[in-house]
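Below is one structure; the comments refer to it alone.
Only the coordinates and a few stated rules stand behind these numbers; no lab work does. Model, not experiment: these values are computed from the prediction. Cβ sites come from the backbone with ideal geometry, for glycine too, and all protein chains shown count toward neighbours.
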Amino acid sequence: MTVLVVGAGFSGAVYARVLAEAGHEVRVIDKRPHLGGNAYDFTDENGVRVHAYGPHLFHTKLSHVLDWLRPFGRFLPYTHKVRARLHDGRLVPLPINLDTVNEVFATAYETPAQVSEHLARIALPIAEPRNAAEHLYAKIGQELTDLFFRPYTKKMWQMDLEEMSAAVVKRIPLRMDREDTYFASDETQIMPADGYTALFERIFEHPRIKVELSASFDKSALRDFTFCFNAMPVDEYFGCRLGELPYRSIRFHKRMEPDGPAPAAPVVNFTDAGPFTRETVWDALPNHRVRETGRRSVTKEEPCDYRDNGMERYYPVKTADGRYQTLYEEYRLLARDEPNMAFIGRCGTYQYLDMDQVINQSLAGAQRWLAQNREA
């Protein structure tokens with residue numbers, strides 16, 4: 001069959017490669033001028049590999065995802081660390097752990113049990129949290145919530161914690177010991193040694209895959225294909241006839257600095273009420289110093305509405321009342337009636353997905369489609 005894949009990020013790459021290896025002819029289009037979707041990276045004028053759309057750190061528990069990915073590149077172990085900058089300039093571990101609690105409360109705890117007891121004392125008795133604020137109050141109390149989450153949430157989402165779904169903050173772990181790595185619960189934490197763009201080039205390198213960049217989707221193209229896997233925003237496909245599905249976006253402010261000592265962590269989150277959420281020092285990531293120039297690259301992130309950033313969609317918005325998820329479900333029902341079309345990826349399914357989750361879903365979806373067509 002001839003298959004059209006809209007989007008050259010992880011979802012489109014997985015579908016394209018799996019279907020091509022099964023004997024189908026695949027054409028991939030992407031409106032951007034590069035491969036890799038939001039994982040795209042490049043070497044800049046400072047000789048540093050920069051992730052154009054913010055840091056992408058690969059972590060997973062899924063062995064079959066790793067089995068599929070590893071043939072396409074060489075990988076380096078990398079354990080990611082983040083620090084939060086307090087109002088007085090101190091840097092403390094994030095997610096919150098034993099050392100964070102000691103810094104904030106001027107305590108001298110040595111054991112996880114002591115931290116658990118402290119958090120139990122300051123937590124509020126909320127049996128059934130209705131939103132992100134109540135979930136955090138019930139876990140860590142008001143002071144830690146208002147310090148680490150309230151200002152960050154306001155600038156990131158332009159909503160108060162009371163308006164946010166608890167699911168948004170449930171993704172963030174809480175540690176009682178001194179573990180200070182961000183993804184400690186995932187067995188595998190790696191980075192592609194040559195960058196994500198090189199990884200995508202190898203995934204798309206197949207005689208049955210043709211890729212066209214700077215190419216927007218047009219419904220008229222569907223007549224030339226048996227099926228289409230579409231990673232474009234599902235509301236955009238339908239002309240937003242039911243209303244817009246909102247996204248938060250990011251403006252990236254990049255600067256050059258002279259080389260210096262390694263930072264305490266590659267990524268620092270800002271807890272203040274200013275416009276920026278975090279900062280990344282790119283050469284602190286493994287193999288990101290590509291050539292020596294005596295300079296380093298640093299990027300600050302400023303969240304905004306996607307309509308104020310060229311319609312660049314990064315984060316689906318999850319509210320406590322679930323109104324946008326309800327709207328997405330209406331679009332999903334519309335999409336179900338589209339002949340020979342499946343919506344995939346973050347924008348196609350209006351989900352916040354880590355890279356391994358995208359690969360996992362796409363592998364399952366591609367195999368399901370192949371099985372259905374074999375039966376047909």
With springs only between Cα atoms under 10 Å, which of Thr226, Thr299, Thr181 fluctuates most in a Gaussian network model of the chain? Thr226
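Of Leu333, Leu19, how do they rank once you tally other Cβ atoms within 10 Å and put the fewest first?
Working: Leu333 10, Leu19 24.
Sorted ascending by nearby Cβ count, the order is Leu333, Leu19.
Taking the beta-carbon count within 10 Å as an exposure proxy, list Asp99, Asp177 from fewest neighbours to most. Provide the component values of the computation, followed by the final result.
Numbers: Asp99 17, Asp177 12.
Sorted ascending by nearby Cβ count, the order is Asp177, Asp99.
Indicate, rounded to the nearest 5 percent, the antiparallel portion of the DSSP beta bridges found entirely in the chain. Provide the component values of the computation, followed by the final result.
Working: 35 of 56 bridges.
Antiparallel bridges make up about 60 percent of those DSSP assigns within the chain.
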Dividing the convex hull volume of the Cα atoms of segment 297-346 by its residue count, what figure in Å³ per residue is obtained? 137
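Can you list, largest first and rounded to whole Å, the semi-axes you get for segment 205-260 by taking the square root of 5 times each eigenvalue of its Cα gyration tensor?
Over the Cα atoms of segment 205-260, the ellipsoid semi-axes are 33, 23, 9 Å.
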Per residue, how big is the convex hull around the C-alpha atoms of segment 158-314? Give it to me in cubic angstrom, could you? 220
Please list the non-local residues whose amide H lies under 5 Å from the amide H of Phe75, H modeled 1.01 Å from N, same-chain partners needing a gap of 5 or more. Ala193
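Can you check what the Kirkwood hydrodynamic radius comes to for segment 245-376, Cα pairs only, in Å to one decimal?
Numbers: mean 1/r = 0.0544 Å⁻¹.
It is 18.4 Å.
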Take the chain, compute every pairwise Cα distance, and split them into 10 Å bins from 0; I just need the percent in each bin. 5, 21, 30, 26, 14, 4, 0
Per-residue Cβ contact counts at 10 Å, fewest first, order Arg346, Arg313 as Arg313, Arg346
If R0 is 35 Å, what FRET efficiency do you get for Ser214 and Thr79 from their C-beta distance, rounded to 0.05? 0.40
Quick calc: nm separation of the 7 Å Cα→Cβ label points for Glu117 and Glu179 -> 2.2
Step through the table entries Lys254/Lys318; Lys31/Lys61; Lys61/Lys155; Lys139/Lys318, compare each Cα-Cα distance with 24 Å, and write down the pairs that go over it. Lys254/Lys318; Lys31/Lys61; Lys61/Lys155
GluC sites (Glu not before Pro) within segment 256-322: which are DSSP loop residues with at most 15 other Cβ atoms inside 10 Å? Glu292
Report the Rg/Rh value for segment 1-143, based on alpha-carbon coordinates and the Kirkwood definition of Rh. 1.13
Mind jotting down the three principal axis lengths of segment 1-72 based on Cα atoms? Whole angstrom, largest first. 45, 32, 16
Along the principal axes of its C-alpha atoms, what lengths does segment 82-170 span, in descending order and rounded to whole Å? 35, 31, 17
State the Cα centre-to-centre distance between segment 305-323 and segment 144-218 in whole Å. 15
If eta is 1.306 mPa s and T is 10 °C, what Stokes-Einstein diffusion coefficient results for segment 1-41, Kirkwood Rh from Cα pairs, in µm²/s? 154
For n ≥ 4 DSSP H runs only, could you compute -39500 (n - 2.57) per run for the chain, divide by its residues and tell me the 222 nm figure to the nearest 500? -9500 deg cm²/dmol
